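The values are calculated or read from the model by the stated rules, or taken from the named source; none is laboratory data. Just so it is clear, the model here is predicted, and its values are computed rather than measured. Cβ coordinates were reconstructed from backbone atoms using ideal geometry, including for glycine residues, and neighbour counts include every protein chain displayed. For the accessible areas, the whole protein counts, side chains as well, though only heavy atoms, and no ligand, DNA or RNA atoms are used. Shrake-Rupley method; radii C 1.70, N 1.55, O 1.52, S 1.80 Å.
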Amino acid sequence: MHDYAFRIVNVFAEERLGGNPLAVVEDGRGLDDATMQRIALQFNLSETTFILPSANGSARVRIFTPTFEMPFAGHPTLGSAHVVRDLFGAGDAVTLEMIAGIVPVTAEGDRWTLQAKAPRTREVSAARPAIAAMLGLAEADLGAQPLWVDTGSEQLVIPLANATAVRRAKPDAAGLAANGSVALPGGGTRSMAYVWATDGPGKILCRFFFPKYGAVIEDPGTGSACANLGGWLVATHALLPQTFALSQGEAVGRPCYLGLHVDASGKIFVSGRVIELGRGSIRL
């Protein structure tokens, strides 16, 4: 038997019981892939991360949802960086080695900022009526051009006409599977949709949906999608620089507050506050 220490942190949180929760296993050495996956299912949070030694960065981080491993995700990056700083005395600038590559992360106090990878984009094959139906909306509720965007994790980014449409969105699992699926590196597919609209000057309201065991689940705060929104701005030739305050998680009672900045050169930065909630260990 061996005890594995873990921490629970809330990311994009402005209050202790807000934000998006993350489990961080402090030392993943000795755990094989299958066991990491089972631990992630045990915690049953959006993601669980495992910290490992790295020859190329401050630490290597593996990210698992309850059902598959991810190459990159935003709130696990910020939350893991917060733990790595404390574990290793790494200071306010850390580099995390992930499947998607090296991700630089910096801090001012407990507010962390990651720099996303340069975006890759592709057009959406589904017609606008199909996208609207997938979201339980009318075609008039759609905004500008939706795109597949990848700044580390490819996702379907869908602008809506206004914040009211964002609040009314009610996707169905079959529609997401038909129109919002991408291949996973290890085989299989994942489905998702990220919807957003401006909600006042410099403010955006957003929601992220994905199917799980036949039901549609809503993620409280999605840093990778925030980065992909930055990629959408770059791909659609928006006037840069741009800075937005994003609100997510309203509909699921987990308020999350994300910062998005795209500088004049198109570099994308995502920020949020990390609050450690508690610590424990599991015995295997």
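Numbers below:
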quantity: Percent of Cα pairs exceeding the 27 Å cut-off, where the set is the chain; calculated: 35
quantity: DSSP bridge pairs, segment 1-141: antiparallel proportion in percent, nearest 5; calculated: 80
quantity: Accessible surface of the chain, 1.4 Å probe, proportion on carbon and sulfur as whole %; calculated: 52
quantity: Surface accessible to a 1.4 Å probe, per residue, for the residues of the chain, Å²; calculated: 42
quantity: Distance (nanometres) between label positions extended 7 Å along Cα→Cβ at Gln115 and Glu276; calculated: 2.7
quantity: 27 Å Cα cut-off, lysine pairs counted over the chain (separation 8 or more, or different chains); calculated: 5
quantity: Exposure of Ser265 as accessible area (Å², to 10), given a probe of 1.4 Å and all protein chains; calculated: 80
quantity: Ranking by accessible area, most exposed first, for Leu239, Leu17, Leu246 with a 1.4 Å probe; calculated: Leu239, Leu17, Leu246
quantity: Inter-probe distance in nm under a simple model that places probes 7 Å from Cα toward Cβ, at Ala144 and Ala178; calculated: 2.8
quantity: Net lengthening on full extension, Ala5/Lys203 (0.36 nm per residue, minus Cα-Cα); calculated: 67.5 nm
